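Shown next, in structure tokens, is the structure this report addresses.
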Amino acid sequence: LISVLFFREPLISNCPVCGEILGKHDKINDMIHMTLCFDEGTGNQIMTGGFLTDKQASYGWMFKLSEWAHFSSYDVGLHSGSTASHILVFDRRTKRLVEEVIDGKIVLSMRALYQSKVGLTLIDTGVKDLLKNLSEKQGKKMSSPESAKDIPKFLELFKDQINLDEVKDPLESFKTFNEFFVRQLKPGARPIACYEQDTIATCAADSRLMTFSSVDESTRLWIKGRKFSIEGLLGKDVHSDALCNGSLVIFRLAPQDYHRFHVPVSGTLEKFVEIPGCLYTVNPIAVNSKYCNVFTENKRVVSIISTSEFGKVAFVAIGATMVGSIEFLKEEGDYVHKGDEFGYFAFGGSTVICVFEKDAIEFDADLLANSARSLETLVSVGMRLGVSTRNRDLQPQELEKCSLE
């Protein structure tokens, strides 16, 4: 029925259940809307509060829908991320699909800049410098005493997404916006899965996550920049054959997130290498574009963690539009334990990418399944990421004790 209604001939223009005008977004979103209306009869209440209902958002619902509609396994996540006015993200903790809404004007401008040849020309003829200058100017503004007045407005904008009960210091103690933005959390606010077991890697940031067992998988499903490679990401001073053929995990932070990043594995910090670059947005609209190379052209700091369980792990902190700075709290030679605070990003969205040696880690199945459909997973610091494949001494019953949170 859905195939006939939408993909052969557009026979209807309004949803028969709720009357919603169709065609405002792309076809896959119309299909999702229609399916939910027929299934639940909920009409316009489908997206109330930005969430699907518990039944609709049950784990596997989106996957079942995409397979039933005869779509390739990753069309749903990719279309929602790169061409619609919102991004669907799977919340690992609540097992809900969360709608991350983007203002329509911002979407149009992003697509014009990052997903067209004209936009590419603009980028090459001055937009790079403009983004950098704007970001530096905004960073200074957010570190001024006057910026403190923006904190209440920011909290109101993200009132359902920032839990002040977790924040270590009282709100009135923050004298600038950036002091609040890089806020610390209370001890225990982010429990570390299997803390005593270094064979288990954990999530490095509160973020939207994508995991890929190989670079080929990441470029087929998510990173569309034509020049992306591990060599390009890490730079000539860091890359090695083992890492270049390895697996990677992408943690995308949004402005409302806790902006301190943590160590995902235990080991010794061998080196830090700062790589200058651009400040493109890390929004999927840009990452999914074939016309720019966000991760290999943006400003970033690469650190190498030498571990006994995973070999060498590259930790790449990537700046983005409106990110004032990347600060680290550890130094070369330090031994770090997974879950330790590693550093923080000043104002703006940003990204961390971790690169593991080939066949060194087995990512958790739910993370791989979501990523295979280009569906980001909302995670928190300390949640399970995966297990070392080099040390199989951990018994299955011990693994079961390691919760996702």
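Structure notes:
- In the structure shown, the pairs LYS175/LYS330; LYS299/LYS358; LYS149/LYS186; LYS95/LYS140; LYS168/LYS358 are assessed against 30 Å; a Cα-Cα span above that value is assigned to LYS95/LYS140; LYS168/LYS358.
- Extension reserve of the ARG220-THR389 stretch, reckoned as 0.36 nm per residue once the Cα distance is removed: 58.4 nm
- Label-point separation in nm, LYS186 to GLU146, each point 7 Å along Cα→Cβ: 3.6
- Separation of the GLU332 and ASN245 label points, Cα + 7 Å toward Cβ, nm: 2.8
- Average Cα contact separation per residue, the stretch 153-281, under 8 Å, 6 or more apart, as relative contact order %: 31
- Accessible area (Å², per residue) of the stretch 325-392, counting only protein heavy atoms and a probe of 1.4 Å: 33
The values are calculated or read from the model by the stated rules, or taken from the named source; none is laboratory data. Just so you know, these numbers come straight off a predicted model, no measurement behind them. Reconstructed Cβ throughout: ideal geometry from the backbone, glycine too, with neighbour counts over all protein chains shown. Heavy atoms of the whole protein, side chains included, go into the accessibility calculation; ligands, DNA and RNA do not. Shrake-Rupley method; radii C 1.70, N 1.55, O 1.52, S 1.80 Å.
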